[in-house]
Amino acid sequence: MLQRGKFLAGALAAMALVTGSSFAQTAPQAVTVIHAGRVLADPSTGRVATEQSILVNAEGRIISVEAGYVTPAGATVIDQRNRFVLPGLIDSHVHLTSELSANQLIEEVTLTPADGALRGAENARKNLLAGFTTVADLGANNDSIFALRRAIRENRVPGPRIIASGASITPHGGHGDSNGFAPDINAVLASPNACSGADECRRATRRQIQAGADVIKITATGGVLSNTAAGVGQQFSDAEFAAIVEAAHSMGRRVTAHAHGVEGINSALRAGVDSIEHGSYINAESARLLRNRYQVPTLLAGWWVGQLAERGGTLTPAQTDKARQVSRDMANMGRFARQNNIRIAFGTDTGVSPHGMNAREFQLMVEAGFSPLQTIQAATINAADHLQLNTETGRIVPGLAADIIAVDGDPLADVSTLMNVRFVMARGTTHKNE
């Protein structure tokens, strides 16, 4: 019996060496395998591998990436052998529950949060089918966006993974508050997160985290689309900036700042905000302060409002005057950011521009001097790092979510191919395969 026991112990030990555990365990089984003609194997270097198989399990996770076209028993094969495969794209600045139109003013007083959620579901699908498997929604009614985030997380409606700020923290009368209506209407529509003074802004930040915010979004400066002729300069005081950042960081949330004017950009950065949205008038001091932090340029928003300003019929007079100036300056900002090696996370401010057009940002970035690879890095590994999703998405490697897209042609040579994504898988579920 002793010899037999030793034999069994030895056999179990040998099995452990093979399986990596004390008892034999069944390896995760691939339920789907993608046969990929070319794969962006490493976004950080641009290395492309050919004739690869991406194995995905039932939980929507990547099991492995193997050379050649392998077909595990029982797995569904998705043929992308004639396409270029890359990680699902990340848009770090969208507004899913709205879209700018000539009806913007009347919709503020006629649409409900339920309308916002339902329109958000439609827009989320458009973003997903455009290849964006993750988005950060920065500035929306809490009830609308948090309900949509939950519905997508529970697979009740199709859409990208959502990181949501909910309503912005804004100064009274600032970019995120109600403007342009009669005083009694402004009072009714006033933002619940409007605040004045450090203590009040600290309280608003904590309340927004309590409501469910993944990240705190603040309106550090005026904005182009706020219906007031208040410019795009700094609106919060330095003390208010400091209180918001302290409150958010103490509760484990990052702070991102909508900021156009340079004084507001630099004051927000000195107070410790974690990233800058837009950054239209960044300067050398901004570049220094942004070291190890991210800028989200949203060149598409600047380009689009410039188009609307010239076309007429959509923007109000106050918006039009700001749009004409800022749209030109945002293009120059893109070139400045590239020349000064500012870390960029891809973002579009979609909802200002039409949903589903997000990939136009790639072309605008190239026009500003970024290489195609740099734009794709901004929308994959950089954006994942910016949103603290490094262990979830942004690359095609074992263990991460199966967020995978494919295009015809080579986006490393021509980013316009990303305007026509032919295959979309999000968290292991195929949503598009043309």
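What follows is calculated from the coordinates using simple rules that are stated; it is not laboratory data. Quick caveat, the model's predicted, so the values are computed rather than measured. Positions of Cβ are generated from backbone atoms using ideal geometry, with glycine treated the same way; all protein chains shown enter the neighbour counts.
Per the helix-only calculation at 222 nm, which mean residue ellipticity applies to the chain, given -39500 (n - 2.57) for every DSSP H run of n ≥ 4 and division by its residues, nearest 500 deg cm²/dmol? Using -39500 (n - 2.57) per qualifying helix, the result is -11000 deg cm²/dmol. Specify the angular offset, from 0 to 90 degrees and rounded to the nearest 10, of the alpha carbon long axis of helix 2-19 from the longest principal axis of the alpha carbons in the chain. Tilt relative to the chain: about 40 degrees. Roughly what angle does helix 113-129 make with the longest principal axis of the chain, taking Cα atoms, 0 to 90 degrees, to the nearest 10? The angle comes out near 50 degrees. Charged neighbours of Ser178, selected by a Cβ distance under 12 Å, balance to -3 (K, R count +1; D, E count -1).
Spin-label model, Asn292/Asp184: points 7 Å from Cα along the beta carbon direction are separated by 5.5 nm.
Between Gln210 and Asp79, the modelled label-to-label distance comes to 5.8 nm, taking each label 7 Å out from Cα in the direction of the beta carbon. For Thr76, the residues 5 or more places off, or on other chains, whose built amide H falls under 5 Å of its own are Thr32, Val33.
Shape of segment 304-412 from the C-alpha gyration tensor: prolate (a/c of 1.5 or more and a/b above b/c, with a ≥ b ≥ c the square roots of its eigenvalues). Phi angles across segment 327-343 convert, under the Karplus curve 6.51 cos²θ - 1.76 cosθ + 1.60 with θ = phi - 60°, into 3J(HN,Hα) values of 4, 5, 6, 5, 4, 5, 4, x, 5, 4, 4, 5, 5, 9, 6, 6, 6 Hz, Gly and Pro given as x. For Glu51 and Glu154, the FRET efficiency from 1/(1 + (r/R0)^6), where r spans their Cβ atoms and R0 equals 41 Å, is about 0.65. Only Lys, Arg, Asp and Glu carry charge here, each on its Cβ (+1 for the first two, -1 for the last two); on that basis the chain has a dipole of about 1180 debye about its Cα centre. For segment 383-393, 3J(HN,Hα) computed residue by residue from phi via the Karplus equation (6.51, -1.76, 1.60; θ = phi - 60°) reads 5, 5, 5, 4, 8, 6, 10, 4, 8, 10, 7 Hz, glycine and proline entered as x.
Does the chain come out rounded, prolate or oblate by the C-alpha gyration tensor, with a ≥ b ≥ c the root eigenvalues, rounded set by a/c under 1.5 and, if not, prolate when a/b is larger than b/c and oblate if not? Judged from the Cα gyration tensor, the chain comes out prolate (a/c at least 1.5, a/b above b/c).
What is the sum of charges, Lys and Arg at +1 and Asp and Glu at -1, for the other residues whose Cβ falls under 14 Å from the Cβ of Trp304? Here the count lands on +1. Remark on Val48: its backbone amide H falls under 5 Å from those of Ala41, a criterion applied only to residues 5 or more positions apart or on other chains, H modelled at 1.01 Å from N. For the listed peptides 223-232, 132-141, a ranking on the average number of other beta carbons within 10 Å per residue, highest first, reads 132-141, 223-232. For Thr391 and Ser101, what is the calculated FRET efficiency with R₀ set at 51 Å and r taken between the beta-carbons, to the nearest 0.05? The pair Thr391/Ser101 has a calculated efficiency of 0.85. Put +1 on the Cβ of each Lys and Arg and -1 on the Cβ of each Asp and Glu in segment 89-386; which of Thr380, Leu118, Phe132 then has its Cα farthest toward the positive end of the dipole? It is Thr380, whose Cα lies furthest towards the positive end.
I need to check one value: relative contact order of the chain, counting alpha carbon pairs closer than 8 Å and at least 6 residues apart, in percent. Rounded, it is 18 percent for the chain. Cα axis of helix 238-250 to longest principal axis of the chain: angle in degrees, 0 to 90, nearest 10? With both axes taken from Cα atoms, the answer is about 20 degrees.
Here's how it looks for Ala194: its modeled amide H is under 5 Å from those of Thr170, which are all 5 or more places away or on a different chain. Couplings 3J(HN,Hα) of segment 228-233, computed from phi: 7, 8, 10, x, 10, x Hz, in residue order, whole Hz [Karplus 6.51 cos²θ - 1.76 cosθ + 1.60, θ = phi - 60°; x for Gly and Pro]. Net charge dipole, segment 344-434: roughly 220 debye, given to the nearest 20, about the Cα centre with Cβ charges of +1 for Lys and Arg and -1 for Asp and Glu.
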